[in-house]
Amino acid sequence: MAEIYLDNSATTRPFEEVIELQSRIQRENYGNPSSIHARGVAAEKLLDEARRSIAQLLQCREEEICFTSGGTEANNLALKGAAYRWRRRGNHIITTQIEHPSVLNCCRRLEEEGFTVTYLPVDEQGYVDLEQLERALRKETILVSIIHVNNEIGTIQPVEKIGALIKSRHPRALYHVDGVQSFAKIPTPVQRWQADLYSCSAHKIHGPKGAGALWVRKGVSLQPLFQGGDQEQGLRPGTENTPAIAAFGLAARLCAAQMAENAARLYHLKEKLCRELEEAGVEFYINGPPPAEAAPHVLNLSFPGIKAEVLLRLLEAREIYVSPGSACHSRRPDPSHVLTAIGLEEARLSGALRFSFSSFNDEEEMERVAEAIAAGIRELKALAGRRPGQ
Ligand SMILES: Cc1ncc(COP(=O)(O)O)c(C=O)c1O
């Protein structure tokens, strides 16, 4: 039976065209984009085309796109680059309790270096409270960093309202949006949000691993994290990963061409999975916003009385791949910081699984997944019933 891959927040299967383009470039177009001969110029053209594709999705200028090795690097460059550049202006940073570890751990490091960080709480659906943000803003605030789509529960933050608030109260504070889970999935008009910085990553949109980008609004100055040549306008020195970046550009174009259609399809799949589970008599809770309000590709469910880890293994045995919480710390036993921040009690925390979808999934898979979950839960309950003393 074919596998069912429902861990698309962790990473996605690359499009065939992306794999072909990347290997063709490795073979045929291996020039260094900084070289001034024809091979170099051909490689530089590949970067230009990718830059154009990313810029189109963000509705920004091509020269504002800085390629990185992925979302983690883009987030580090945004946060540390802004903090080090502007530390004389102030030492205060605002973020949320439900950021990706690449932002949270960056903030913790900056705290060790003398910065002060406010971690805004969120409500039970994962939304930031604008009044709390307003109260947190102060004259020393140099940066606000907000996750656009949460990778575990799919909450879409009101990034436009947040931008309007920051810029009306404290226009000198930079506004960074971690868009790794929103890029090419939902519209991302970064200038309309009054944002200054936006991170994205290729492998979340059926592109290759090892490529990402930071959008840096014209006029915004960051301190580079590496010293080297003048690639990416000196902001990110080092020979660009041309094959992966060109493949990133192609993945972005392919996703952009079917963004609205794909989102509608994924909402339908989420609804179908929930309906199938209900019909199979499975008891479950939805963690985070209602599925139709969350990002199209994320659905976080808790199965009360069930250990997520055990159910995950039963599904894996049927070649169905899902994640407990977020893949980045799913090997650690501690509960998800996101599910803790939205106030889930222990039973729901330990029974939470994240299902994340892509255009490769279909309705029939949802039926198989619901059947497998129902069977898995029956199996676990039967086992528990047989255990001595229970
Ligand atoms: C919201 C968010 N930000 C940043 C990252 C890190 O991106 P990358 O895996 O490209 O380093 C991830 C990856 O899961 C993510 O979901």
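None of the figures in this text is laboratory data; all of them are computed from the coordinates on show. Please read all numbers here as calculations on a predicted model, not as lab measurements. With ideal geometry, Cβ positions are generated from the backbone for all residues, glycine too; neighbour counts draw on all protein chains shown.
Structure notes:
- Dipole axis of the chain (+1 Lys, Arg; -1 Asp, Glu on Cβ), positive-most option in ILE54, TYR267, GLN223: GLN223
- Lysine pairs meeting the criterion (Cα under 18 Å, 8 or more apart or interchain), as found in the chain: 6
- Residues ARG354, ARG89 arranged by fewest to most Cβ contacts within 10 Å: ARG89, ARG354
- Shape call, the chain: gyration tensor on alpha carbons, a/c limit 1.5: oblate
- Shape category assigned to the stretch 244-333 from the gyration tensor of Cα positions, a/c cut at 1.5: oblate
- Charging the Cβ of each Asp and Glu at -1 and of each Lys and Arg at +1, and nothing else, the dipole of the chain about its Cα centre rounds to 1220 debye.
- Rounded to the nearest 20 debye, the dipole size of the stretch 61-147 about its Cα centre is 540 debye, using +1 on the Cβ of Lys and Arg and -1 on the Cβ of Asp and Glu.
- Remark on LEU143: its backbone amide H falls under 5 Å from those of ILE94, LEU174, a criterion applied only to residues 5 or more positions apart or on other chains, H modelled at 1.01 Å from N.
- Taking the charge dipole of the stretch 16-257 about its Cα centre, with +1 at Lys and Arg Cβ atoms and -1 at Asp and Glu Cβ atoms, the residue from ILE146, TYR30, ALA173 reaching farthest to the positive side is ALA173.
- Alpha-carbon centroid distance for the pair the stretch 243-283 / the stretch 139-160, whole angstrom: 22
- Relative contact order (%) - criterion: Cα under 8 Å, at least six apart; region: the chain: 23
- Prolate/oblate/rounded label for the stretch 1-142 (Cα gyration tensor, a/c 1.5): oblate
- Relative contact order of the stretch 214-314, defined on C-alpha pairs under 8 angstrom at six or more residues apart (%): 15
- Put in order of Cβ neighbour count within 10 Å, fewest first, the listed residues HIS268, HIS148, HIS170, HIS100 become HIS268, HIS170, HIS100, HIS148.
- A protection proxy built from the mean count of other Cβ atoms within 10 Å ranks the segments 178-187, 225-234, 337-346, most packed first, as 178-187, 337-346, 225-234.
- Length-normalised contact order for the stretch 51-173 - Cα pairs under 8 Å, 6+ apart - percent: 24
- Ranked packing of 152-160, 270-278, most packed first, by mean Cβ within 10 Å: 152-160, 270-278
- For the chain, the longest principal axis of the Cα atoms and the long axis of helix 308-317 meet at an angle of about 90 degrees.
- Furthest towards positive pole of dipole, THR95, GLY126, HIS203, structure part the stretch 16-257, Cβ charges: THR95
- Remark: the stretch 236-250, residue by residue, has Karplus-estimated 3J(HN,Hα) of 9, x, x, 4, 5, 7, 3, x, 6, 5, 4, 5, 4, x, 5 Hz, where x stands for each Gly or Pro and the curve is 6.51 cos²θ - 1.76 cosθ + 1.60 at θ = phi - 60°.
- For the stretch 348-390 versus the stretch 44-80, the spacing of their alpha-carbon centroids is 39 Å.
- Within-10-Å neighbourhood charge of TYR175 [Cβ basis; K, R +1; D, E -1]: +1
- Folded to 0 to 90 degrees: helix 363-386 orientation relative to the chain principal axis, Cα: 50
- Amide H contacts of SER201 (H built 1.01 Å from N, under 5 Å, at least 5 apart or other chain): ALA213
- Over the chain: helical MRE at 222 nm, DSSP H runs n ≥ 4 each giving -39500 (n - 2.57), nearest 500: -13000 deg cm²/dmol
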